[in-house]
Amino acid sequence: MRTFSTISIVFCLALTALGLMPACNVVTPVAYAIHGPGKVEPQFTLEENARTVVFVDDPSSRITQRRLRYAIAERATDELLEKRILVDMVDPRGILTAASNERFGKQMSISELGRTVDADIVIYAVVTDFSMSPETGAYLPRATLRVKIIDTRSKQRVWPADERGHVMNVQIPQRPGSGPASTGERVEVEGALASRAGLGLAQLFYKHEITETVLFRR
């Protein structure tokens, strides 16, 4: 956990006295502004040469459009390739199609779905939240994913130890009441949130700078 300097505490108390901050427990963004971004270590080290696919699942229908699931997976795939964290990745469309076809036959496990596209590793992300206004009176686009790494060769989860998965939160800061005024604007914001979620998903697996819009939580 970051240790804040005396200047951060004084700054917080000054804002509180002026009525600009309700309490000093909101010191994190202040410290970020004073000290600048820090570094986040990878949560898990992927096998560079393992054939890998990103599968974004949405069993609770949190996302209205399948294209947004693909957008998350595509951004994560592109980012991992660009950073050379992985060198052999499968287009996410194949595993999405395989999962969609399950309704016409027996439901497959994640490792079985991965094998349908000849993948050794599946980065499996379940969407548990994808909303524009998670809090009353505020417009704050937010996504939450539970992430697991599945080895299709052993048919085992190799990360994390918690069977529920690693929780990842992503948000796009917005001013209260500044929601989209039209369907077109909403589509644009949803696309931006999906892209940011894909970036956050990829960043779980390489060292990167902290930003105010990508949040990680165990």
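The values are calculated or read from the model by the stated rules, or taken from the named source; none is laboratory data. Because the structure is predicted, anything quoted here is derived from the model rather than measured. Counting neighbours? That spans all protein chains shown, and the Cβs are built from the backbone with ideal geometry, glycine included.
Can you tell me which residue is surrounded by the most Cβ atoms within 10 Å (Cβ to Cβ) among those in the range 31-60 that are modelled with pLDDT of 90 or more and of a type in the set (A, V, I, L, M)? Talk me through it step by step, then tell me what you get.
Here is the first cut: in the range 31-60, the ones modelled with pLDDT of 90 or more are 41-60.
Within this subset, residues satisfying the condition of being of a type in the set (A, V, I, L, M) are 46, 50, 53-54, 56.
Details: L46: 19, A50: 16, V53: 27, V54: 31, V56: 29.
So the residue we want is V54.
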Query raised in the report: Mind checking which residues of the range 165-204 are in a loop (DSSP other than H, G, I, E, B), modelled with pLDDT of 95 or more and surrounded by fewer than 20 Cβ atoms within 10 Å (Cβ to Cβ)?
Result: G165
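Right, R84: farther than 30 Å from P180 by Cα, of a type outside the set (S, T, Y) and either out of contact with any strand residue (DSSP E or B) (no Cβ under 9 Å at 6 or more places or on another chain) or crowded, with 22+ Cβ neighbours inside 10 Å (or both) or not? Can you show your working first?
Numbers: farther than 30 Å from P180 by Cα: yes; of a type outside the set (S, T, Y): yes; either out of contact with any strand residue (DSSP E or B) (no Cβ under 9 Å at 6 or more places or on another chain) or crowded, with 22+ Cβ neighbours inside 10 Å (or both): yes.
Considered against the rule, which asks whether it is farther than 30 Å from P180 by Cα, of a type outside the set (S, T, Y) and either out of contact with any strand residue (DSSP E or B) (no Cβ under 9 Å at 6 or more places or on another chain) or crowded, with 22+ Cβ neighbours inside 10 Å (or both), R84 comes out as yes.
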Query raised in the report: Would you say T28 is outside the structural domain of L199 (by TED's automatic domain parsing), surrounded by fewer than 18 Cβ atoms within 10 Å (Cβ to Cβ), among the hydroxyl-bearing types (S, T, Y) and at pLDDT 90 or above?
Result: no
Query raised in the report: Taking the range 137-156, which residues are of a type in the set (D, E, K, R) and at pLDDT below 95?
Result: R142
Report task. Could you give me the residue pairs with C-beta distances under 9 Å whose first residue belongs to the range 141-152 and is over 11 Å from V127 (Cβ atoms), whose second residue is surrounded by 20 or more Cβ atoms within 10 Å (Cβ to Cβ) and basic (K, R) wherever it lies, and which are 6+ apart or on separate chains? Result -> P141/R196
